[in-house]
């Protein structure tokens, strides 16, 4: 059974080369803009600079038929089930990115750090939950 | 543009009443089982009891046309854009649940705590990233 996820926005980033992009935001990823669809802007009304949010993306250049990988694309790492890795290749290629909101400009949010490639569809953002 | 997310498994839980379910796992949610589809089991090969994982679900009983809510369903809380809340009602009703793996029994994983309702489709699991 399929569930139709929709793009609520897109990443605008200088990262365009999958080979050169960092694997995780904390690994030197740059700031990027998220351009949102007009019909979801009301949902952003309470977002403020300084907010820490989890951005969910649909990694549209990933493979969905991969169940085991060598972590970090390093053949010397043993083959590992994808659900124990952050590989983009997996049955549902959803990316999780913890970012800080730097600024808002109309329908766009500036966030950092973000390792997602330019054009990546955005599915959701949620506040980071603090320690329990 | 839509992206077809697929159920890789389902939640098996004693939680069946949306009104009675905790809003977050840390709020007294019980342990639950996840029953996985046979064709994704290879992806679980490296999961071990004690692992901390982020479970992604499709909250199939949520409303997708809601952009503002009173947080925690409390009318005394001011109306807030859904992207600043963990409301299930949002354009893409994807739930994030940080859980500990307690055990594996064949195609099922026992995890806790999980506030998702019985039958909720599971989209993904990923390792929790440690502190940077």
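The values are calculated or read from the model by the stated rules, or taken from the named source; none is laboratory data. Predicted, not measured: the structure shown is a model, and the values here were computed from it. Here the Cβ positions follow ideal geometry from the backbone for every residue, glycine too, while neighbour counts run over all protein chains shown.
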Within the range B:72-104, the residues that are in contact with a helix residue (DSSP H, G or I) (Cβ under 8 Å, 6 or more places away or on another chain) and in contact (Cβ under 8 Å) with a residue 12 or more places away in the chain are B:80, B:81, B:82, B:85, B:87, B:89, B:90, B:91, B:104
Note on residue B:69: of the conditions (1) buried (at least 17 other Cβ atoms within 10 Å of the Cβ); (2) free of Cβ contacts under 8 Å to residues at least 24 places away in the same chain; (3) facing chain A (nearest Cβ under 8 Å), unmet is (3)
Of the conditions (1) in contact with a strand residue (DSSP E or B) (Cβ under 6 Å, 6 or more places away or on another chain); (2) at pLDDT 95 or above; (3) crowded, with 18+ Cβ neighbours inside 10 Å, residue B:25 clears all except one; give me its number.
(2)
State yes or no: is residue B:30 within 15 Å of the chain's Cα centre (by Cα), more than 17 Å from residue B:121 (Cα to Cα) and in a loop (DSSP other than H, G, I, E, B)?
yes
Looking only at the range A:1-22, which residues are loosely packed, with under 14 Cβ neighbours inside 10 Å and within 14 Å of chain B (Cβ to nearest Cβ)?
A:1, A:2, A:4
